[in-house]
Amino acid sequence: MTDESEISKKLNWKRIIIPVLLGLAAATYLLVSNLNETKFVVADEGMGQYEWVDTNDNGVVDSNDPEEFVKSEDGKYLKQTAKDLLMKFKWTWMSTVWLAVALLMVALRDLGYILRLRLLTDGKISWRAGFESIMLWEFSSALTPSVVGGSGIAIFILNREGINLGKSTATVFITSMMDELFYIIMVPLVFLIVGTDALFPEMWAGSEVLGTNSVKNLFFIGYGFIMILTILITLSIFKFPHQFKRILMRIFTMRLLKRWLRHVVKLGDEIIVSSIEFKGKPLKFWAKPFAATLVSWTARFFTLNFIMLSFVYSIDHLLVYGRQLVMWVIMLISPTPGSSGVAEIALDSFFKDMIPIALIPVIAIIWRLLTYFPYLFVGAVILPRWLKRTGRQGRVRSWRRKGRLQL
């Protein structure tokens, strides 16, 4: 139902401009708004100008509250602006090492996705085709709002690579199921170890965009939606494929959709065949792609951990990991392409108590440069060549080459 011209239109390189501008605008806003913010830091011996006074009697030093500090010649604290802190930051060789490790995490994330695709298609997708498919899949996701996602285009990509439409659909559904299953399992584990209080900011800067101040409410609504979605996908593929076909047919008997009914019937038949094939797979078959899923998502989240280590000496890795699990739901319901703009603002709200506020915009830009922007540009470069390679003439040339090699 999706053709080449439609894909080319949806994934036009000109659409890259919008998410790039949104992301850079958000990072610039954070930088400008935070530069003059003051913070009281522990001073070197003999350099202090302020003394801490517990004005609210909570026993906690609130370094951002001027009312908690008074002028004192023998003070232990020094008043600094975010601009001062940014000017004092020095890039070290360890910063370079940790940034290299972050790059390794990005590569590991993509390698895991490619391996999972090859495993689920029984090796019918080559390493090259797997790489191009994942890059284009990420490209489509980066150009669409996160709530929409790139699943529809992903089905087209696999089908274009020679996987029948039913198995393409089932494979995309199963990858989604594994992604959601990873999330469903990891959230309660992290909650048990870290606790919930440390994972949710009380207020966040994106409240006006998404219409609520309560991150906790957003998270549990999103988590519930993910659980329901995972159950529906599992039942559709493994338990009730015939009923799934009937639901599709009922939807496409509507007047506006009726012209695609013949294609939907064929799709339903192929999903039933794919369901029988997938249900017959042994447990070890599922263990391998799910292990690849664990590697991919762990590397995906730990990318930010190692970027942070490029700027600070140490962090609570599990806390950063847990907060990203919560932040992921915020990004998932973002109305902007690839969560651009919202992701940068969410980063500020979730980690401003762990990272010097002046460094957050810099970290946000590097984070998106490694995990988001590359897919926009790599996808734009690959798309025209991929369409040519996977077109009818391209496939014929490929078959002829293979025939000559066999001879």
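How far is it, in nm, from the label point at Thr81 to the one at Leu24 when both lie 7 Å from their Cα along the line to the Cβ?
Here the answer is 2.5 nm between the modelled labels.
Neighbour counts of other C-beta atoms within 10 Å: give me Trp260, Trp52, Trp367, Trp93 arranged from fewest to most.
Working: Trp260 12, Trp52 17, Trp367 20, Trp93 6.
Ordered by Cβ neighbours within 10 Å, fewest first: Trp93, Trp260, Trp52, Trp367.
In nm, what is the difference between 0.36 nm times the number of residues separating Thr92 and Thr253 and their Cα-Cα distance? Spell out each step's value before the answer.
On the way: separation 161, 0.36 × 161 = 57.96 nm, distance 6.38 nm.
So the chain would gain 51.6 nm between Thr92 and Thr253.
Give the calculated FRET efficiency between Asn56 and Asp197 to the nearest 0.05, with a Förster radius of 25 Å applied to their Cβ-Cβ distance.
Working: r = 18 Å, r/R0 = 0.74.
FRET efficiency, Asn56 to Asp197: 0.85.
Given labels modelled 7 Å from the Cα in the Cβ direction, how far is it in nm from Lys216 to Met47?
4.0 nm
With θ set to phi - 60°, apply the Karplus curve 6.51 cos²θ - 1.76 cosθ + 1.60 along the stretch 314-328 and write out the HN-Hα couplings as whole Hz, x wherever there is a Gly or Pro.
Values, residue by residue: 8, 9, 7, 4, 5, 5, 4, 4, x, 5, 5, 4, 5, 5, 4 Hz.
Sort out for me the Cα centre separation of the stretch 249-308 from the stretch 134-196, rounded to whole Å.
8 Å
Starting from 0.36 nm per residue, how many nanometres of slack lie between Arg385 and Lys279 once their C-alpha separation is accounted for? Spell out each step's value before the answer.
Values: separation 106, 0.36 × 106 = 38.16 nm, distance 3.56 nm.
Computed gain between Arg385 and Lys279 is 34.6 nm.
May I ask you to derive the FRET efficiency for Leu103 and Ser176 from their Cβ-Cβ distance with R0 = 30 Å, giving the value to the nearest 0.05? Present the calculation step by step, with values, prior to reporting the outcome.
Working: r = 27 Å, r/R0 = 0.89.
Efficiency, rounded to the nearest 0.05: 0.65.
FYI, it's all coordinate maths here, none of it is from the lab. None of the values given here were measured: they were computed from a predicted structure. Neighbour counts are summed over all protein chains in view; Cβ atoms, including those assigned to glycine, are modelled from backbone coordinates with ideal geometry.
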